[in-house]
1. Explain nothing, just compute: Karplus ³J(HN,Hα) = 6.51 cos²θ - 1.76 cosθ + 1.60, θ = phi - 60°, for every residue of region 127-138 in order, whole Hz, x for Gly and Pro.
2. With the crude spin-label approximation of a point 7 Å out along Cα→Cβ, what separation in nm comes out for Ala121 versus Asp198?
3. Kindly rank 89-95, 28-34 from highest to lowest mean number of other beta carbons found within 10 Å of each residue.
4. Tell me, in nm to one decimal, what length is gained between Ser12 and Glu68 on full extension, where the rule is 0.36 nm per residue of separation less the Cα-Cα distance?
5. Remind me, relative contact order of region 184-293 in percent, using alpha carbon pairs under 8 angstrom and six or more residues apart?
6. Under a crude label model (7 Å from the Cα following the beta-carbon direction), how far is Leu26 from Ile325 in nanometres?
7. Of the peptides 275-283, 41-49, how do they stack up when ordered by the mean number of other Cβ atoms within 10 Å, highest first?
8. Add -39500 (n - 2.57) for each DSSP H run of 4 or more in the chain, then divide by its residues: what number comes out at 222 nm, to the nearest 500 deg cm²/dmol?
Amino acid sequence: MKNKNNRKGGFSAFYKLCPVWHTIGLISGLIIILHLLTRHNKQLMKKIAAGFVQPYHQFMAKLCAKTEYSVAEIIILLAAVGVIAYLIYSIICLVKNKERLKRLYKLIVPLISFGLLVYAAFCMFWGVYYYADDFITQSGLKAEKISVSQLEAVTEYFAEIANEYSGKVNRDQNGLYRPDKKQIVDKSPELYENAEKDFPCLKGAALKPKLFKLSKILSYTDFTGFFFPFTGEANINNDFPPSLFASTVAHELAHQRGIAKEQEANFAAVLVSMESDDPDFIYSAALLAYTHLGNALSKADYEAWHRIYSSLSDNVLRDFAENRIYWKQFEGPAQTTMNKVYGGFLDSFDQKLKLKSYGACVDLLVNYYYEDTLK
């Protein structure tokens, strides 16, 4: 009996070192395990997505829309400052405190528990989408295998649209595309109106995305934007060149409407932008579509790709060049690390295409727009 009491007392003392963080870690761990055990139950995931996650996102998005500032950015900054301050405080305590092992434990447990808490929250408020019906299923669109000739035709189709609309958008004295980004953001709430009629799964609150104040940080991490599932906000990098700005706005708004997969959000961005009557959105969508289609075509038929690439106007080529030069300056450890972290995050939700692979986007574009090339 004495040994059992000692063990009980030892566990109790051990738990009391970080009672709050132990509790948070245990609850978070249970949520993650529960998600892992149930996430392949599609019917359950569909019910959770439709009955809880989507209503939560819509409610939070409307609530956060009351401020022009990104609540997500404030939360991320506060969390980053809090973690850094905690690390500095803990290191000082480690140096001064004689009970270094106890202090080291009290340093590590909160960090692990915080990580588990964040991941558990992502499982609840975002990961569910990956296992419910995706956009292809909900929309009834086809993503069937495509031929090289079809790929070539649709790539040329978007190249021609890009050429046409490159002369319909505002340019500076150097011939570079210079839209009013604020105007694009202001017009974006109505962007999905036309598409909602044909694709009810795209319905959602007509809200503006938020411009990230510290956008340069997003560039260092290779992000043009992101959807923050805890506040329901679509956040946009306001620093990168404008050629793909409007299509990025459309892409992040697709995430806000429940399209989780990157390749499907890209297709949705092109779809809704092409159905708008706004030159900025159409031009940016044509560039986005051509980029993914062209990348696929260059591997399938280099000569066909080169012929189409040679047909691009000087305006389009200047905009592509500006985009490449901008992102080149941010290549480095931060960008590489973030891509690996995000790739690992997607992997954990069985998203094998990862960050830079958009095969389904190309398939959707070709299947949807090929008939237009025959007219």
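1. In residue order, the calculated couplings are x, 4, 4, 5, 10, 8, 5, 7, 5, 4, 5, 5 Hz.
2. It is 3.8 nm.
3. 28-34, 89-95
4. In short, 15.4 nm is gained.
5. On the way: 156 pairs, mean separation 27.8, N = 110.
Result for region 184-293 is 25 percent.
6. Using points 7 Å along Cα→Cβ, the separation is 5.9 nm.
7. Details: 275-283: 20.7, 41-49: 15.1.
Sorting 275-283, 41-49 by mean packing, highest first, produces 275-283, 41-49.
8. -21500 deg cm²/dmol
The values are calculated or read from the model by the stated rules, or taken from the named source; none is laboratory data. These numbers were taken from a predicted model, which means no experiment stands behind them. Positions of Cβ are backbone-derived with ideal geometry, glycine not excepted, and every protein chain shown enters the neighbour counts. Ligands, DNA and RNA are excluded from the accessible area calculation, which covers all protein heavy atoms including side chains. Shrake-Rupley method; radii C 1.70, N 1.55, O 1.52, S 1.80 Å.
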